[in-house]
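Chemist: Quick one: the structure is below, questions incoming.
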Amino acid sequence: MSSAFPNPPADNWQPGFESIGRTLAETTFVVVDLETTGASPKDGNGITEIGAMKVRGGVVIDEYTTFVNPGIPLPVYITELTGITDSMLIDAPGIEESLPELMEFFGPSDESILVAHNSPFDIGFLKAAASSIKYPWPGHQIIDTVRLARLVIERSEILNFKLSTLSEFFQTPTPPTHRALDDVRTTVDVLHRLIERLSGFDVFTSEDLLQFMKRLPENKRPKF
């Protein structure tokens, strides 16, 4: 094992040398990012832009992007943050049209794994949107690149785990811009760099990865 990676502690992770399943190179990841009218769907906020990329073996094989008309005016600070204006959304499809398209893009839950940076935010909005139009939520496994980064990057190596910080840390070609597809491109590059580090933890298959994600980050483990 490379000395660049610490030995995994004896917690609930077990290396998967004998596991049978797709290698990470064979696994289809669907990376998704949203822009929204605010911080939480519980406050009546909606989705304004969706970006998604399907990647396998380090290669982008498909992408999806659309504006979404949220049905409410954009707050000024959101326009200032994203550059998205009400005029850009007025003729955009509503969530009742764009969400089923995105779900189709995801593909079957047994064929792809969803990825998002700070996934509770994006997945929370998507689940709320699905509930609002009574659309069944698929059962995809979800990888949060914030959590994955906490597991494979030493806390002493990096200031924080924001997408912009990870982009700078890994020197990704596309920096995050608070626009959905740009931020997806950044997350894809970050994901690939994190996957490179997984070999140091004996993570080689999608099953290994999903089990590995159950570990506690270093700063959350009990002290003995």
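Chemist: If I ask for residues that are under 25 Å from D91 (Cβ atoms) and touching a Ser or Thr at 6+ places or on another chain (Cβ under 9 Å), which ones from the stretch 49-63 would you list?
Modeler: Here is the first cut: in the stretch 49-63, the ones under 25 Å from D91 (Cβ atoms) are 49-53, 62-63.
Across the stretch 49-63, the qualifying residues are E49, I50, G51, A52, M53.
Chemist: Where the second residue is outside any helix (DSSP H, G or I) and surrounded by fewer than 20 Cβ atoms within 10 Å (Cβ to Cβ) and the first is free of Cβ contacts under 8 Å to residues at least 12 places away in the same chain and lies in the stretch 158-181, which pairs have Cβ atoms under 7 Å and are six or more apart or on separate chains?
Modeler: Sorted first by the residue in the stretch 158-181, then by its partner, the pairs are T165/I158; T165/L159.
Chemist: Please go through the stretch 84-114 and pick out each residue that is in a loop (DSSP other than H, G, I, E, B), touching a strand residue (DSSP E or B) at 6+ places or on another chain (Cβ under 8 Å) and closer than 19 Å to A128 by Cβ.
Modeler: Step one: of the stretch 84-114, the residues in a loop (DSSP other than H, G, I, E, B) are 84-85, 90-94, 107-111.
Cutting the leftovers down to touching a strand residue (DSSP E or B) at 6+ places or on another chain (Cβ under 8 Å) gives us 84, 92-93, 107, 111.
Those that are in a loop (DSSP other than H, G, I, E, B), touching a strand residue (DSSP E or B) at 6+ places or on another chain (Cβ under 8 Å) and closer than 19 Å to A128 by Cβ: A92, P93.
Chemist: Does the stretch 193-200 contain at least one residue that is closer than 27 Å to I78 by Cα, surrounded by fewer than 16 Cβ atoms within 10 Å (Cβ to Cβ), more than 14 Å from the chain's Cα centre (by Cα) and not small (G, A, S)?
Modeler: Within the stretch 193-200 (the criterion being closer than 27 Å to I78 by Cα, surrounded by fewer than 16 Cβ atoms within 10 Å (Cβ to Cβ), more than 14 Å from the chain's Cα centre (by Cα) and not small (G, A, S)), the answer is no, since none of the residues qualifies.
Chemist: Also: Counting just the residues of the stretch 66-80 that are surrounded by fewer than 17 Cβ atoms within 10 Å (Cβ to Cβ) and in contact (Cβ under 8 Å) with a residue 24 or more places away in the chain, which one comes out farthest from P108 (Cα to Cα)?
Modeler: First pass over the stretch 66-80, keeping only residues surrounded by fewer than 17 Cβ atoms within 10 Å (Cβ to Cβ): 71-73, 75-77, 79-80.
Keeping just the survivors that are in contact (Cβ under 8 Å) with a residue 24 or more places away in the chain gives 71-72, 75.
Details: G71: 30, I72: 32, P75: 36 Å.
Step by step, filter the stretch 66-80, then rank; the result is P75.
Chemist: Next question. Provide a single number: the residues in the stretch 115-144 that are touching a Leu at 6+ places or on another chain (Cβ under 6 Å), closer than 27 Å to P175 by Cβ and outside any strand (DSSP E or B).
Modeler: 3
Chemist: Follow-up. Within the bounds of the stretch 180-196, is there any residue that is assigned to a loop (DSSP other than H, G, I, E, B) and modelled with pLDDT of 95 or more?
Modeler: Within the stretch 180-196, the first condition is being assigned to a loop (DSSP other than H, G, I, E, B), and the residues that meet it are none.
So far as the stretch 180-196 goes, no, none of its residues is assigned to a loop (DSSP other than H, G, I, E, B) and modelled with pLDDT of 95 or more.
Chemist: Kindly indicate whether L114 is more than 16 Å from L198 (Cβ to Cβ), crowded, with 16+ Cβ neighbours inside 10 Å, touching a residue at least 60 places away in the same chain (Cβ under 8 Å) and under 15 Å from the mean Cα position of the chain (by Cα).
Modeler: Details: more than 16 Å from L198 (Cβ to Cβ): yes; crowded, with 16+ Cβ neighbours inside 10 Å: yes; touching a residue at least 60 places away in the same chain (Cβ under 8 Å): yes; under 15 Å from the mean Cα position of the chain (by Cα): yes.
The answer is yes for L114.
Chemist: Being more than 21 Å from A25 (Cα to Cα), touching a residue at least 40 places away in the same chain (Cβ under 8 Å), surrounded by 18 or more Cβ atoms within 10 Å (Cβ to Cβ) and basic (K, R): is that true of R150 here? Outline the logic, then answer.
Modeler: Working: more than 21 Å from A25 (Cα to Cα): yes; touching a residue at least 40 places away in the same chain (Cβ under 8 Å): yes; surrounded by 18 or more Cβ atoms within 10 Å (Cβ to Cβ): yes; basic (K, R): yes.
In short, yes.
Chemist: If L163 satisfies every condition in (1) out of contact with any Lys or Arg (no Cβ under 6 Å at 6 or more places or on another chain); (2) of a type in the set (A, V, I, L, M, F, W, C); (3) surrounded by fewer than 19 Cβ atoms within 10 Å (Cβ to Cβ); (4) closer than 23 Å to S40 by Cα but one, which is the exception?
Modeler: L163 satisfies all of (1) out of contact with any Lys or Arg (no Cβ under 6 Å at 6 or more places or on another chain); (2) of a type in the set (A, V, I, L, M, F, W, C); (3) surrounded by fewer than 19 Cβ atoms within 10 Å (Cβ to Cβ); (4) closer than 23 Å to S40 by Cα except (3).
Chemist: Return a yes/no flag: does the stretch 90-112 have any residue that is among the charged types (D, E, K, R), within 27 Å of S167 (Cα to Cα) and at pLDDT 95 or above.
Modeler: Taking the stretch 90-112 first, the residues among the charged types (D, E, K, R) are 91, 96-97, 101, 104, 110-111.
Next, only the ones that are within 27 Å of S167 (Cα to Cα) stay: none.
Within the stretch 90-112, not a single residue is among the charged types (D, E, K, R), within 27 Å of S167 (Cα to Cα) and at pLDDT 95 or above.
Chemist: Regarding D189, is this residue out of contact with any strand residue (DSSP E or B) (no Cβ under 7 Å at 6 or more places or on another chain) and under 30 Å from I84 (Cβ atoms)?
Modeler: Details: out of contact with any strand residue (DSSP E or B) (no Cβ under 7 Å at 6 or more places or on another chain): yes; under 30 Å from I84 (Cβ atoms): yes.
Yes, satisfied.
Chemist: Next question. Looking at the stretch 63-83, is at least one residue in contact with a strand residue (DSSP E or B) (Cβ under 6 Å, 6 or more places away or on another chain), part of a loop (DSSP other than H, G, I, E, B) and of a type outside the set (S, T, Y)? Talk me through it step by step, then tell me what you get.
Modeler: Keep residues of the stretch 63-83 that are in contact with a strand residue (DSSP E or B) (Cβ under 6 Å, 6 or more places away or on another chain), which gives 63-68, 70, 82.
Checking which are part of a loop (DSSP other than H, G, I, E, B) leaves us with 68, 70.
Subset that is of a type outside the set (S, T, Y): 68, 70.
Yes, that holds for at least one residue.
Chemist: Assess whether F169 counts as being farther than 24 Å from K42 by Cβ, surrounded by fewer than 19 Cβ atoms within 10 Å (Cβ to Cβ) and among the aromatic types (F, W, Y).
Modeler: Working: farther than 24 Å from K42 by Cβ: yes; surrounded by fewer than 19 Cβ atoms within 10 Å (Cβ to Cβ): yes; among the aromatic types (F, W, Y): yes.
For F169, the condition - farther than 24 Å from K42 by Cβ, surrounded by fewer than 19 Cβ atoms within 10 Å (Cβ to Cβ) and among the aromatic types (F, W, Y) - is met.
The values are calculated or read from the model by the stated rules, or taken from the named source; none is laboratory data. What you see is a predicted model, and the numbers here were worked out from it, not measured in a lab. Glycine gets a Cβ as well: all are built from the backbone with ideal geometry, and neighbour counts include every protein chain shown.
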